[in-house]
Each structure stands twice: as C-alpha cells, then as structure tokens.
1. Can you pull out the residues in the stretch 128-170 that are part of a loop (DSSP other than H, G, I, E, B), surrounded by fewer than 21 Cβ atoms within 10 Å (Cβ to Cβ) and either touching a residue at least 24 places away in the same chain (Cβ under 8 Å) or in contact with a helix residue (DSSP H, G or I) (Cβ under 7 Å, 6 or more places away or on another chain) (or both)?
2. Take residue 302 and decide whether it is assigned to a helix (DSSP H, G or I) and in contact with a helix residue (DSSP H, G or I) (Cβ under 6 Å, 6 or more places away or on another chain).
3. So which of 59, 98, 68 is assigned to a helix (DSSP H, G or I), touching a strand residue (DSSP E or B) at 6+ places or on another chain (Cβ under 7 Å) and crowded, with 24+ Cβ neighbours inside 10 Å?
4. State whether the residues of the stretch 290-312 include one that is at pLDDT below 85 and either crowded, with 24+ Cβ neighbours inside 10 Å or in contact with a strand residue (DSSP E or B) (Cβ under 7 Å, 6 or more places away or on another chain) (or both).
5. Any residue that is more than 25 Å from residue 20 (Cα to Cα) and touching a helix residue (DSSP H, G or I) at 6+ places or on another chain (Cβ under 9 Å) - is there at least one of those in the stretch 81-98?
6. For residue 464, which of the numbered conditions (1) more than 20 Å from residue 102 (Cα to Cα); (2) crowded, with 16+ Cβ neighbours inside 10 Å; (3) in contact with a helix residue (DSSP H, G or I) (Cβ under 7 Å, 6 or more places away or on another chain) fails to hold?
C-alpha cells in the first residue's frame, strides 16, 4: 500500500463490522416493499411533471419517449452493478462505500463529495420546484393568477426568501429525524397519490390524443437557439467541432441526457442497505422494482403528452418580463380546454415533489453518515442516539438544503445533478470488475452476468450521456471536484480512521 495512503482501501469485512458500533448503529426495519416505495417516491417527481414537456418541445419532439428509453437503458446497466455491490457490501453509503472497498480512500472521498453535489443540489432544486407548484395551488385556492403573483417569495431588503421551500425542508427533516420507517410510511401514502395522478394523465389523456401530432416522430434538426454556443454547447459538439442542434438525432441524444434527471434517485435505494432486514435480497429487488415501474410510466406519459398537443406548443418561450415560460404536463390539458384536469395535476405534482425531496435528503444524510463514521467528515455527524437515526447529520443536511433552496435560484441545476450521478455510475460499474478480480471469495447473492461486458457497456452509456451535457456544466463540476480535493487534504486525510488503523 503506498505510503501516502491515498489508495488505502477499507475492507468489506471492516465495513460490515463497523455497522455494529453501538454509537453509530442504524435500526434495521425496512423491507423490500419499503425500498421499492422509496425508489418510486424519489424517481417520480420533477422529471415526469416538468422535464417531459420541456424535452419534447425543445429537444426531441414526439421521440421524447425514445429519449426516456435511452436514459433507462443506461440506468438499468448501472443498476445491475449497484445491485451486485449492495448485495455484497450491505452498508450505508452506496457508491462511496463501494469505491472505498475497490479504488481506495481518495477516490471514495471524491465520489462521496460528488454525491453531495448530486443529492443536496437535487434536493434544493426540487424544493424550489415544489414551491412553484405551491404557488400555483395557492392561486387556485385563493383565486389569484399564479403567473402574475408569487405568494411563496418574500422580499427581505434586496434578498428574496422562498418560504415555501424552507417550510418543506424543515418539515421533512423533522420527519427523517423521527425515523426512517415512519418516513417510509408517509412516503408510501404520498407515492400512492402521485402514481394515481400519473395513471390519470395516461388514461384521461388518451381521449385527447391525435395521431397527427406524432408526425414527424423525429423532427428535422434545427440550428441552436441564440445563447446556446460556446460554454452553453454540449461537450460532444465542442470536441466534434460542430454546433448544437435541436431535434434530429443529436437533439434526441441531448434530450436523453436531460431526461436522465428524471431517473435520479433509484441508486438511493442502495444507501438504505444498512437499515434493511434482508439487504442481500431486498436491495436488488428494490432497485429493479422501482426502476421498472417508473420506466413504464415515463414512456406511457411521454407518448400521451406528445399525442395530446403538437410538440411545438410545448417549446419554452420568453415572457414579456424576460423570464422563461417552461411547459409542464398540465400545459397539455390546459391547451385542450380541460383546466380542471390541469389543477388536479398541479395538486398531484405538489404531493409528488414532496417525496422526491424527502428521499433525496435521506440519501444525502446516509452518505454524510457513512463518511463521518470513517472519519473523513467530523465523527459527531455519525452519532445515531436512541432512535437509531443520525440526527446530527440530518440537521446538517437540512441546513445546507434549506439555505440553498431558500436564497438561491435553482435554474439549470438539473444538469449539475446529472453529471455527478453519471460519474458515480461509472465508478460503481468499474468497481464491479475490480472487486471480482481482487475479492472473488466474497459472497455475492446477486451477480451481474457477462462481466466485464455489462459493466463496460454501463460505463460507455454513462460517458456518452455525460458528453452531451454542456461545457458550462462540466466547468462547474470540475470546480466542485477541485474544492473537494482541497477539503480532503486539509481535513479528511488526517482524520481517516482507516489511516489511523494502518498507523
């Protein structure tokens, strides 16, 4: 092992042994069904209620359903690798823990830092979306035009405070502190509501589908809009020396990279492995169960949406005040004169986004808990107390998300979340290949077939989606990673428990 300790690994046996520490022990009370609910709860949310219409109108046209399938294939390949790792190392921390066992401490820290970007930024962004829908619902209840008035924003001098997002984060943090099982039960009820809304969209929307709206299924490529050049171009177009384009084959691929955000969260199921009664079997089932359900729903909704209205009516437009008017699922019903259905969808979206924020926060809390237990973050954050939940980590995450959601704009954060998640998928997929060679003796209840082919395909699919994200997204990602490296050498490396044990 190199003297600088950057590549020191934490053995699988040590990771499992650490779960019995009474000061940091989590309560095992989740079943397979709980994990499926968590997966569906976090995945069905911002993506299906907002991104579907935007992607159809701005990038893919009627072929948005194919974009969802492409993104789902990339997720499914990565899910196979997550399932093998989770059944082999049933410990909190997901990709962070898996990387620690295969690549070493430095890479594990980088992926943990990366997951903070994915989950915390994702929770803040969706909280802002929740507040927007809350404003819409308040408009329905108190008879004012939501497009002309924002009831959830309060001006404090020159500062705008989003009290809607703040209230949501505080309530969900309280719920998560009380216990994961209670959170699962609340999530189950709300998830049932939003799945019913999605099924309502599919069934009721079928009555308004017009075959003519599906032609052309893949519209001809069009030049990029003003402002979509330079660092706003996709990295692939810069490398290839071409300009961005909407629609056509490249528009479809760009759409797939964007709707990937709609699948964010299924990997969070792996972070709950340590709280699951039978993680070796339940975690793989929870991952595949949730991913299968949401993929079917996404494809069905996207087909109905573009059949109800022309994709051109779903394009993002600019309002007189200069702000963007982004279309949603409710737009298709409003354009067909069914305003009451649009209101039902808005209420459903409010419920749906609630569980998304909750499970994103849950995943973030478990990542910080795992990193703190290893000493890479302050150990006090891993304390669980009598309730068996990491209350200090919960409060810390809630404070970070609340500040970001309350005082900062959330525009364009989807791509930041995407690049972080895809990077995690790549490392987990590569980790399966490495652990098969270095630790063939480990018991694997779930085994990926055709290794290394499947993990390699997962890596290629994720790299391709990452290349279709903008240069600006990549620059922000690199800056975040550089900051993480500074934190590691300034604090984490010196406080690592694995490093102290080695010494």
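1. Selection gives 145, 146, 150, 151.
2. Spelling it out, residue 302 is indeed assigned to a helix (DSSP H, G or I) and in contact with a helix residue (DSSP H, G or I) (Cβ under 6 Å, 6 or more places away or on another chain).
3. When all the criteria are applied, what remains is 59.
4. no
5. Scanning the stretch 81-98, I find at least one residue that is more than 25 Å from residue 20 (Cα to Cα) and touching a helix residue (DSSP H, G or I) at 6+ places or on another chain (Cβ under 9 Å), so the answer is yes.
6. (3)
So that you can scan it fast, the table gives a plain yes or no per residue for (1) assigned to a loop (DSSP other than H, G, I, E, B); (2) at pLDDT 85 or above; (3) at positive phi; (4) surrounded by fewer than 23 Cβ atoms within 10 Å (Cβ to Cβ):
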{"residue": "9", "(1), (2), (3), (4)": "yes, yes, no, yes"}
{"residue": "16", "(1), (2), (3), (4)": "no, no, no, yes"}
{"residue": "25", "(1), (2), (3), (4)": "yes, no, no, yes"}
{"residue": "28", "(1), (2), (3), (4)": "yes, no, no, yes"}
{"residue": "37", "(1), (2), (3), (4)": "no, no, no, no"}
{"residue": "48", "(1), (2), (3), (4)": "no, no, no, no"}
{"residue": "52", "(1), (2), (3), (4)": "no, yes, no, no"}
{"residue": "55", "(1), (2), (3), (4)": "no, yes, no, no"}
{"residue": "63", "(1), (2), (3), (4)": "no, yes, no, no"}
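Yes/no per residue for (1) within 17 Å of the chain's Cα centre (by Cα); (2) at pLDDT below 90; (3) surrounded by 20 or more Cβ atoms within 10 Å (Cβ to Cβ); (4) outside any helix (DSSP H, G or I):
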residue	(1), (2), (3), (4)
433	no, no, no, no
456	no, no, no, no
460	no, no, no, no
483	no, no, no, no
492	no, no, yes, no
500	no, yes, no, no
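The values are calculated or read from the model by the stated rules, or taken from the named source; none is laboratory data. Only a predicted model underlies this, so the values are computations on that prediction, with no experimental measurement involved. For neighbour counting, all protein chains shown are included, and Cβ atoms are generated from backbone atoms with ideal geometry for every residue, glycine included.
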